[in-house]
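Below is one structure, written out as structure tokens; the observations come after it.
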Amino acid sequence: MLSKVWLEMDTQLSNYIRGKVVEIVIVGTAAAILFGSFGLNYAAFLAVLVGLSVLIPFVGALQ
């Protein structure tokens, strides 16, 4: 019984993390395209920061 629960938790956590990574990539890519089209300096760096900002609500909830 315990191993079934552990396996289900592992599966769900893996799905959540995979989903967050996909969300970060999508948001970062969209930001890079937008920032690049505006001609901003350091567009790639800013896009990475925007992509990582997806994690802020999650990290804030842990505190």
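Only the coordinates and a few stated rules stand behind these numbers; no lab work does. Just so you know, these numbers come straight off a predicted model, no measurement behind them. Here the Cβ is made from the backbone with ideal geometry for all residues, glycine too, and neighbour counts use every protein chain on show.
Values as computed for the structure displayed
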quantity: Gained length - Val21 relative to Ala44, 0.36 nm times residue gap less alpha-carbon distance; calculated: 6.6 nm
quantity: For the chain, calculated [θ]222 nm from helices alone, where every DSSP H run of n ≥ 4 adds -39500 (n - 2.57); calculated: -29000 deg cm²/dmol
quantity: Nearest-ten-degree value, helix 43-52 long axis tilted from longest Cα axis of the chain; calculated: 20
quantity: Principal-axis tilt of helix 2-38 within the chain, Cα atoms, nearest 10 degrees; calculated: 10
quantity: FRET efficiency, 1/(1 + (r/R0)^6) with R0 30 Å, evaluated for Glu8 and Ala30 via beta carbons; calculated: 0.35
quantity: Cα point-scatterer Debye curve for region 22-63, base-10 log of I(q)/I(0) at q = 0.34 Å⁻¹; calculated: -1.05
